[in-house]
Amino acid sequence: MTGSQKTLKLRKTPKQKGLSILKTILIYGTIFALIYTAVNWWRQPVMPADPQLQLTDYQGQRLDLAAMSTDKPTLVYFWGTWCPICTYTSPTINKLAVENNYPVVTVAIKSGNNQELSNYMTDNNFDFTTINDEEGRIFADWQGQVTPSYVVLKDGKMTQGLTGIQPLWSLKLRLWLSSVF
């Protein structure tokens, strides 16, 4: 075999190159998905043994999360006015709340007093129900580690927990899955 014949034999066809690229994408995509899932599982909030599910929002309205979650799954969103990622996720939560297909309750962590929170909500045109966790006690009870964090409640029990940026379709899918299973 001559040198040029060896070179020709080692060159990949466009189809082989495409399959090689696809294989690489699938391998790295799978590794990323596994790592992302493991980190998300590790950082997710954990429902307390004796959770306080009867709370008052920053406007003085009483909320019973267990009762809210009996008809449909309820999304609980932990966030803060100081959280840079929350500036991207809160508009998505607002859209979900406005659609009114599922109850949405948010917990603003260490975001100032009720007036400061009210001003922030008004300035950002947020209409979602919000509990002001001024001291961060509620979030600490749920062993929250990062904001934003999310919990899906069904019949007063946590069915799912997640963290980070979540697209609207993902939140809707999780709520729907909690209503089915």
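The values are calculated or read from the model by the stated rules, or taken from the named source; none is laboratory data. All figures in this text were calculated on a predicted structure; none of them were measured in a lab. Virtual Cβ from ideal backbone geometry, glycine too; neighbours counted across all protein chains shown.
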note = Scanning the stretch 36-69 residue by residue, those of a type in the set (S, T, N, Q), in a helix (DSSP H, G or I) and surrounded by 13 or more Cβ atoms within 10 Å (Cβ to Cβ) turn out to be N40, S69
inquiry  = Being closer than 23 Å to M68 by Cα, surrounded by 19 or more Cβ atoms within 10 Å (Cβ to Cβ) and more than 17 Å from the chain's Cα centre (by Cα) is the filter here; which residues of the stretch 99-125 pass it?
reply    = M121
query = Any residue at all in the stretch 93-107 that is at pLDDT 95 or above, closer than 22 Å to R137 by Cβ, in contact with a Pro (Cβ under 9 Å, 6 or more places away or on another chain) and not in a loop (DSSP other than H, G, I, E, B)?
reply = yes
message = Among the numbered criteria (1) surrounded by 13 or more Cβ atoms within 10 Å (Cβ to Cβ); (2) free of Cβ contacts under 8 Å to residues at least 40 places away in the same chain; (3) assigned to a loop (DSSP other than H, G, I, E, B), which one does L177 miss?
response = (3)
query = Yes or no: I31 surrounded by 10 or more Cβ atoms within 10 Å (Cβ to Cβ) and without any contact (Cβ under 8 Å) to a residue 12 or more places away in the chain?
reply = yes
message = Scan the stretch 151-173 and tell me whether some residue there is of a type in the set (G, A, S), buried (at least 20 other Cβ atoms within 10 Å of the Cβ) and at pLDDT 95 or above.
response = no
ask   = For residues in the stretch 82-96 being among the β-branched types (V, I, T) and more than 14 Å from N125 (Cβ to Cβ), which is farthest from the chain's Cα centre (by Cα)?
value = I85
